[in-house]
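Only one structure is covered here, and it is reproduced in the block below.
The values are calculated or read from the model by the stated rules, or taken from the named source; none is laboratory data. Keep in mind the model is a prediction, meaning the values are calculated, not measured. Here the Cβ positions follow ideal geometry from the backbone for every residue, glycine too, while neighbour counts run over all protein chains shown. Just so you know, the surface numbers come from the protein's heavy atoms only, side chains and all, with ligands and any DNA or RNA stripped out. Shrake-Rupley method; radii C 1.70, N 1.55, O 1.52, S 1.80 Å.
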Amino acid sequence: MIQNDIKTRVVGVDISLERTSIGIVDVRGEIIATDCFVTSEHPYIGDYLSVLCEHILNLVEGHGGFESIRSVGICSPSGNFRTSSIENAPNMPWKGVIPLAAMLRDRLGMAVALGNNSHAMALGEQAFGAAHGMRDFAIISIGHGLGSCFFSNGVVHLGNDGFAGEVGHTCYIPNGRQCGCGKQGCLEAYVAAKGIVQTAQELMAKRPEPSMMRQVDRLSPKLIQDFCELGDELAIETYRLTGYSLGVGLANYASVMNPEAFIFTGGIAQVGKWLFEPANESFEDHVFHNMQGKVKFMVSNLENRTRNILGASVLAWTVKEYSLFK
């Protein structure tokens, strides 16, 4: 069979709690065009799917048409590449198992791949970012949740059911803080956004010294970072405790998988030294001794949404081609 009409573009979709970003990406990894909309404005999956389809259709039709598009790749919290579904996402508005790839395939008439956002981040970093050339590394995404995906011997490791790498839902403190997943004591409850704010509130309740954090009605990780820059001791202690917890969790992770590097992404990765200096110190104190001083901590140099769209585009190239647009 001779085929001359090779399609050279895919669509990458990055779903997060706040925003859904869409991009057309060519075979060289160049993002041709982008669009976005607010995810949280569509709490019902049927409404969300209609809006997503509308944005994809408008973007593609305005930039060459579907004749050039091979497939669509989606990354989402709790996305499962093996089932192409979003499964029981604790921080998203849609509950249960959502077969989003199949639903979108039926509406668009073309192949759709779906994976976890950390999975796509890892693919994006390996192809275009800090992990280029690495064979054993892990992506650690810190934001509303704590996500992870790791490569072993040059191949992404998904596990038997597609849930490998859920370091955020490993038990850090038995019977500890309530996590959004329904369990208690998960690492995510101590190092992701809500956990950081809770640590700050607990510190203010226990310690009497003044703090700029006491003057804020709606505290956030970014505000706590700003107060660190201004020398606020309780804010600095908040991130020291957060970094300690993160370091312990990553030491356990590294002692099992033996990575070359942890590559950090997400909004909280921008906190910098206030988080990573105590995290690295804690990590070195707790990791298996033969790995001490050998695992790099690196912050991604790719803009978050750009990397995620690129990673989703890598997912799109992996799915078998199917299209009603010939």
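Of note:
- Taken over the range 78-95, residues that are assigned to a loop (DSSP other than H, G, I, E, B), over 26 Å from I32 (Cβ atoms) and open to solvent by 30 Å² or more (accessible area, probe 1.4 Å) amount to 7.
- Checking I74 against (1) within 22 Å of L158 (Cβ to Cβ); (2) at pLDDT 95 or above; (3) touching a His at 6+ places or on another chain (Cβ under 8 Å); (4) not hydroxyl-bearing (S, T, Y), the condition it does not meet: (3)
- Looking across the range 4-23, the residues that are in contact (Cβ under 8 Å) with a residue 40 or more places away in the chain and over 20 Å from the mean Cα position of the chain (by Cα) come down to D5, K7, T8, R9, V10.
- When Q201 is tested against (1) in a loop (DSSP other than H, G, I, E, B); (2) farther than 29 Å from S300 by Cα, just one condition goes unmet, and that condition is (1).
- Consider the range 127-142 and keep the residues that are modelled with pLDDT under 90 and of a type outside the set (A, V, I, L, M, F, W, C). The one that is least open to solvent (accessible area, probe 1.4 Å) is G129.
- Candidates Y253, Y239: the one that is within 28 Å of R305 (Cβ to Cβ) and in contact with a Cys (Cβ under 7 Å, 6 or more places away or on another chain) is Y239.
- K194, sole failed condition from (1) farther than 29 Å from N88 by Cα; (2) open to solvent by 60 Å² or more (accessible area, probe 1.4 Å); (3) not in a loop (DSSP other than H, G, I, E, B): (1)
- Residue match in the range 172-181 (condition: open to solvent by less than 20 Å² (accessible area, probe 1.4 Å), over 16 Å from T238 (Cβ atoms) and of a type in the set (G, A, S)): yes
- Complete set of residues in the range 60-77 that are at positive phi and surrounded by fewer than 14 Cβ atoms within 10 Å (Cβ to Cβ): G65
- Residues being hydrophobic (A, V, I, L, M, F, W, C) and surrounded by fewer than 19 Cβ atoms within 10 Å (Cβ to Cβ) - total across the range 215-235: 3
- Where A189 falls short, out of the listed (1) touching a residue at least 40 places away in the same chain (Cβ under 8 Å); (2) of a type in the set (A, V, I, L, M); (3) closer than 29 Å to H289 by Cα; (4) open to solvent by less than 50 Å² (accessible area, probe 1.4 Å): (1)
- Near pairs, Cβ below 7 angstrom, 6+ apart or cross-chain, from the range 134-159 (at negative phi and basic (K, R)) to any residue that is open to solvent by 10 Å² or more (accessible area, probe 1.4 Å) and not in a strand (DSSP E or B): R135/N153; R135/G154
- Residues of the range 102-125 that are over 21 Å from E18 (Cβ atoms), open to solvent by 10 Å² or more (accessible area, probe 1.4 Å) and either in contact (Cβ under 8 Å) with a residue 60 or more places away in the chain or charged (D, E, K, R) (or both): R105, D106, R107, V112, L123.
- Any hit, the range 37-59, residues being open to solvent by 20 Å² or more (accessible area, probe 1.4 Å), under 21 Å from A101 (Cβ atoms), assigned to a strand (DSSP E or B) and in contact (Cβ under 8 Å) with a residue 24 or more places away in the chain: no
- Restricting the range 236-264 to residues that are in contact with an Asp or Glu (Cβ under 8 Å, 6 or more places away or on another chain) and outside any helix (DSSP H, G or I), the residue that is nearest to H144 (Cα to Cα): I263
- Yes/no for I6 being aliphatic (A, V, I, L, M) and closer than 15 Å to I309 by Cβ: no
- Neighbours by Cβ (under 9 Å, 6+ apart or cross-chain): first from the range 203-214, closer than 17 Å to E229 by Cβ; second open to solvent by 80 Å² or more (accessible area, probe 1.4 Å) and in a loop (DSSP other than H, G, I, E, B): M212/L230
- Residue match in the range 270-291 (condition: assigned to a loop (DSSP other than H, G, I, E, B), buried (at least 20 other Cβ atoms within 10 Å of the Cβ) and in contact (Cβ under 8 Å) with a residue 60 or more places away in the chain): no
- Residues in the range 301-326 that are of a type outside the set (D, E, K, R) and either at pLDDT 95 or above or open to solvent by 20 Å² or more (accessible area, probe 1.4 Å) (or both): 11 in all.
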